[in-house]
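> Quick one: this structure, given as structure tokens, is what I'll be asking you about.
Readers should treat all values here as calculations from the given coordinates under stated rules, not as data from a laboratory. In this text, all values refer to a predicted model and were calculated from it rather than measured experimentally. Neighbour counts run over all protein chains shown; Cβ positions are idealised from the backbone, glycine included.
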Amino acid sequence: MKLVRCPNCGFVCKRNGKTNAGSQCWYCNQCSCSFTNKVNKTNNNLQIFLDWLFGKHTQLDMAGEGRSFRRKTSQFWELWPLPPKVESSSSVVFVDGIYLARNACILICCNETHILGWYVCRYEHSKAWEALLRRILSPIVVISDGGTGFQKALKKVWPKAKLQRCLFHAFQQVKRYTTIRPKTIAGCELYGIARDLLTIHTQDHAMKWIQNVMSWKVRHRVFLSEITVDENGTIRPKHERLIKAVFWWCYMHSPNPLSNAEILKVMPTNKSISDIYHTIHEQFRLEASIPTWGDAIVWSDLHNYDRLFTKLWD
């Protein structure tokens, strides 16, 4: 059974009968305090919300086809889970940007065990990457997909860290253009070379792979000179609460997330963030400045500046 501690001194208490209403009473031998340990329904509702958010059930699966669930948990969509301060260093970290909607991207940094930090912005650029990296101690090696502006931020914030291109992202980039069923000989060969990236484990394998790439370029140099690649028209999924869901997932996978009670006390809400932003904006009146609050999120990137996001955030 979970130990009940005294609210005054923190020592473990023992049972001390019940009230007329049937509530359990507790007594502390250290400070002679007698009290009832009331159940906090808000904490319980937050746990129900998190279980649903990270589980496989839909709202229709909840009691009352989701109506009771939405009534009990709607307040938690107002919270913004902030990344905790991580003071321990990691040998290897992974960074990536996840596009959730048009002009909405979350940059994430993690090691093999925990999420170390995250940052929301309109798109991947050096200033956004800097804001994320400055909160985290420099590692030895960084694994990146080669996103826009990351190398510039890396040289500025983590100059001694070595950069390794993510092999899986490199393969995915090739597959996006060749598809899994290429229609040309050059495409078939290139897709095979890209797949070989995932099997490289030694220096000899790497050298052989580079030789294969150079040979492919020589064999198909005429074909390559006739091709142009258009990267416009990329389609990305949209969901009005997807950013919040990613924030919750990142926070609950951080090294030491707070208890539900502490989360409810310290995490900012939509209103508190909006008030802070408007206060700073009124004080400085410089749209180019970067207002920060705890996790250095550029709130001006998403709040009241884009017609497409006005309904989403207000």
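> Would you mind estimating how fast segment 1-144 diffuses translationally, via Stokes-Einstein at 20 °C and 1.002 mPa s with the Kirkwood radius over Cα pairs, in µm²/s?
Here the translational diffusion coefficient equals 109 µm²/s.
> Going through segment 10-68, which trypsin sites (Lys or Arg not before Pro) have at most 11 other Cβ atoms within 10 Å and a DSSP loop state?
Here the sparse-neighbourhood loop sites are K38, K56.
> Which order, highest average first, do 255-264, 70-79, 203-212 follow once you tally other Cβ atoms within 10 Å for each residue and take the mean per peptide?
Values: 255-264: 14.3, 70-79: 15.9, 203-212: 11.5.
Top to bottom by mean Cβ count within 10 Å: 70-79, 255-264, 203-212.
> Follow-up. Using modelled backbone amide H atoms (1.01 Å from N, in-plane), which distant-in-sequence or interchain residues come within less than 5 Å of G117's amide H?
So G117 has HN proximity to C109.
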